[in-house]
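This report concerns only the one structure given below.
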């Protein structure tokens, strides 16, 4: 039985109410800069944008910017304020969280495969109850844009995960909501099995190129009955 899973975050574990830039993580930093330096909102947000462009890897990473650039902002203060706001900006898919915990108890080995930077991923996992004090016992590693320096629309994202973990594609099941990034791209990287979550589809489970489910709960049934 295949017991190694790659799991997406956005729209799989959590829903972000303002995913587009600037999101709440940038706006919290903007407000702190305004408070600390007495500057206006546009100037502060411009500073955030410039610092994010200087972060390594691909994508937005204000957490790294605060830690590594002289912005006059305490990293811990920033993280705590982000977490306070995140509780009201993120929706948790409880069926996913419940099933992940059941899969862990059943001995499945799970990794995060996400476009989030590791700080943003850990924030969302914490809100979901899958991490504490920036540590998780549910996932072996978190693979994101800042770790692999590429995004999930690149087959090399998945090939590097397989290489780092010494896995073959037929050992792994990818689970996420995006048909391209969680289905076709992993397939082109050699991962032959994906489960696509579409919470609006009528039927609980259907199959074409990929298995498609309307709740994460059906993943356990697929793992027990299909991926042998």
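Based on the Cα atoms of the stretch 1-130, what semi-axes does the equivalent ellipsoid have, where each is the square root of 5 times one gyration tensor eigenvalue, given in whole Å with the largest first?
One finds semi-axes of 32, 14, 12 Å for the stretch 1-130.
Which of rounded, prolate or oblate describes the stretch 97-206 when judged by the alpha-carbon gyration tensor and an a/c cut-off of 1.5?
rounded
So for the pair residue 76, residue 184, with labels modelled 7 Å out along Cα→Cβ, what separation do we get in nm?
With each label placed 7 Å out from Cα toward Cβ, I get 4.7 nm.
Between 81, 202, 124, which gets the highest mean-square fluctuation from a Gaussian network model of the chain, Cα cutoff 10 Å?
202
Would you order 168, 114 from fewest to most other beta-carbon atoms within 10 Å of each residue's own beta-carbon? Write out the running numbers ahead of the final one.
Values: 168 11, 114 27.
In order of increasing Cβ crowding within 10 Å: 168, 114.
Compute the distribution of all C-alpha to C-alpha distances in the stretch 24-89, in bins of 5 Å from 0, and list the percent of pairs in each, rounded to whole numbers.
3, 19, 30, 27, 16, 4, 0
Pick from 207, 53, 101: which is most flexible by mean-square fluctuation in a GNM of the chain where alpha carbon atoms under 10 Å apart are linked?
Judging by the Gaussian network model, the answer is 207.
Across the chain, what fraction of all alpha-carbon pairs, as a whole percent, falls in each successive 10 Å bin from zero upward?
Whole-percent P(r) values from 0 Å outward: 8, 32, 34, 18, 7, 1, 0.
Kindly identify the stretch 166-228 as rounded, prolate or oblate by the Cα gyration tensor criterion: order the square roots of the eigenvalues as a ≥ b ≥ c, call it rounded if a/c is under 1.5, otherwise compare a/b with b/c, prolate if a/b is larger, else oblate.
Since a/c reaches 1.5 but b/c is at least a/b, the shape of the stretch 166-228 is classed as oblate.
I need 80, 36 ordered by Cβ neighbour count within 10 Å, fewest first.
Going from sparsest to densest Cβ surroundings: 80, 36.
Select from 110, 174, 71 the residue whose mean-square fluctuation is largest in a Gaussian network model of the chain (Cα-Cα springs shorter than 10 Å).
Largest GNM mean-square fluctuation: 71.
What's the FRET efficiency of residue 166 with residue 31 using the Cβ-Cβ distance as r and R₀ = 41 Å, to the nearest 0.05? Write out the running numbers ahead of the final one.
Details: r = 45 Å, r/R0 = 1.09.
My answer for the efficiency is 0.40.
Using a Förster distance of 22 Å, how high is the FRET efficiency between residue 134 and residue 68, based on the Cβ-Cβ distance and rounded to 0.05?
The calculated FRET efficiency here is 0.85.
Within 10 Å of each residue's Cβ, count the other Cβ atoms and sort 139, 157 from fewest upward.
The order, fewest Cβ neighbours first, is 139, 157.
Express in nm, to one decimal, how much length is gained between residue 42 and residue 156 on full extension, taking 0.36 nm for each residue of separation and deducting their alpha carbon distance.
Separation in residues times 0.36 nm, less the Cα-Cα distance, equals 37.3 nm.
What relative contact order, as a whole-number percentage, does the stretch 24-89 give when Cα pairs under 8 Å and 6 or more residues apart are counted? Walk me through the numbers on the way to the answer.
Working: 55 pairs, mean separation 23.8, N = 66.
Here the relative contact order equals 36 percent.
When the helix-only estimate is applied to the chain (DSSP H runs of n ≥ 4, each -39,500 (n - 2.57), divided by the residue count), what is the mean residue ellipticity at 222 nm, nearest 500 deg cm²/dmol?
Calculated mean residue ellipticity at 222 nm is -12500 deg cm²/dmol.
Which of rounded, prolate or oblate describes the stretch 92-148 when judged by the alpha-carbon gyration tensor and an a/c cut-off of 1.5?
Working: a/c = 1.85, a/b = 1.43, b/c = 1.30.
Prolate, since a/c reaches 1.5 and a/b exceeds b/c.
Quick note: the coordinates plus some simple rules give every number you see, no bench work behind them. Quantities reported herein were computed from a predicted structural model and do not represent experimental measurements. Using ideal geometry, Cβ is built from the backbone for each residue, glycine included, and neighbour counts are taken over all protein chains shown.
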